[in-house]
Ligand SMILES: *[C@@H]1O[C@H](CO)[C@@H](O)[C@H](O)[C@H]1NC(C)=O
């Protein structure tokens, strides 16, 4: 019993060792605790240091945002030098000349219209985000061309409301020629949101800036012949149905027609929508068939020609760029003034929609044979049935309305227009892409 107690109170030798170990552990723990509290202090110190650094950082970035107007977007705009450039570009040289904001100014139609406006003495300020939907170096080259004529293109996005309101603050634009858009029918399958971003959200941002501006500008903008969609009455007339789009691109352009109507109705913005029919020519868009056919033919690569159902050739009402430019300028010239001010409508404002086409549809095989002749190279053709990707089998414009109201009269046929395109293409890209097959003809 005693032994038991002893054993309980004083355990066997191994137990003694345990006690000694426990003492040792206690000492270690004490040391450990001491060092932990030091570590804890260090940690506190580091946390305080980090916190003060972070708050200093946010102070610095806040103040840089306060003192520089360009830090919040990826594009570079703002500052005195920038404002000086914008004002200089906006000044017109003819009496009662226009001051036009051209969106998509580094684009195909935008660059041509900017040059034409500037040449006749109007003031032009361009806006472009230089996105990479197609080779941005072509956009940069167009920008250089405009720059050599003292036309300044603001590098910024249509969706940047602060930029737009700044532009309207700096310059009292008389007109907006809104040509910036996400183009292309098939690309909508790959990247649908870019169509909503540019053609709907961007359009609304622009219209908001325009309706708030004082004075309100008149707006001329690019809709599209694609709004006719599944309409099969020919030639396409402005009064025909446009409620059956065949692509998301067409749907966003149709939405644009309805959205601009709303801004016309509520705020008194003068609106002219232009339904372009397959615009082509020098400095054109590389995503267009005539453009990439040219590249492929010169490179000796096969081209894919789509054919409609029942072996019907696809046809397009190809419209030469100079004719489109004349239609755009005539639209600006005949645009009524917006009637709103301070965001309120003072009276009904003009709302117009015009077809700008060529009234002479040409089939894609004919397009290719014209290119073959001008390039002096035979094309390797792959003819396949058109997949259901949003393309319509044909377009054909009735331009009676534009003729009557704008004096629009296209003068360049596809033969002449493609000749000018090929001449430009070869001078811009050179013959380097031709390769050995260039001696075929
Ligand atoms: C073209 O449109 C006008 C209305 O703008 C119409 O009067 C005319 O009949 C149309 N022409 C054809 C050939 O459909």
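Quick notes on this one:
- Residue 365 vs. criteria at pLDDT 95 or above, surrounded by fewer than 17 Cβ atoms within 10 Å (Cβ to Cβ) and more than 16 Å from the ligand (Cβ to nearest atom): yes
- Every residue from the range 239-269 that is surrounded by 18 or more Cβ atoms within 10 Å (Cβ to Cβ) and within 16 Å of the ligand (Cβ to nearest atom): 242
- The set of residues from the range 386-407 being touching a helix residue (DSSP H, G or I) at 6+ places or on another chain (Cβ under 7 Å) and surrounded by fewer than 16 Cβ atoms within 10 Å (Cβ to Cβ) comprises 389, 405, 407.
- Residue in the range 141-156 that is more than 30 Å from residue 430 (Cβ to Cβ) and assigned to a loop (DSSP other than H, G, I, E, B) present: yes
- Filtering the range 197-208 for residues that are modelled with pLDDT of 95 or more, within 16 Å of the ligand (Cβ to nearest atom) and in contact with a helix residue (DSSP H, G or I) (Cβ under 7 Å, 6 or more places away or on another chain) leaves an empty set.
- Selection of strands (runs of 3 or more DSSP E) fully inside the range 291-396 by the criterion of at least 3 residues being touching a residue at least 24 places away in the same chain (Cβ under 8 Å) and under 27 Å from the mean Cα position of the chain (by Cα) returns 351-356.
- Contact map, the range 399-417: first residue more than 21 Å from residue 239 (Cβ to Cβ) and assigned to a helix (DSSP H, G or I), second residue more than 9 Å from the ligand (Cβ to nearest atom) and modelled with pLDDT under 95, Cβ cut-off under 9 Å, separation 6 or more or different chains; pairs are 414/360.
- Set 376, 295, 344: member being modelled with pLDDT under 95, farther than 16 Å from residue 224 by Cα and out of contact with any strand residue (DSSP E or B) (no Cβ under 7 Å at 6 or more places or on another chain): 344
- Enumeration of residues in the range 250-264 that are in contact (Cβ under 8 Å) with a residue 40 or more places away in the chain and over 19 Å from the mean Cα position of the chain (by Cα): 261, 263, 264
- When residues in the range 263-290 are screened for being more than 30 Å from residue 379 (Cα to Cα) and either out of contact with any helix residue (DSSP H, G or I) (no Cβ under 7 Å at 6 or more places or on another chain) or not in a loop (DSSP other than H, G, I, E, B) (or both), 12 of them pass.
- Checking every residue in the range 175-189 against the condition of being crowded, with 18+ Cβ neighbours inside 10 Å, over 18 Å from the mean Cα position of the chain (by Cα) and more than 21 Å from residue 328 (Cα to Cα) gives zero matches.
The values are calculated or read from the model by the stated rules, or taken from the named source; none is laboratory data. What you see is a predicted model; the values in this text were computed from it and never measured. We place every Cβ from the backbone using ideal geometry, glycine too, and count neighbours over all the protein chains shown.
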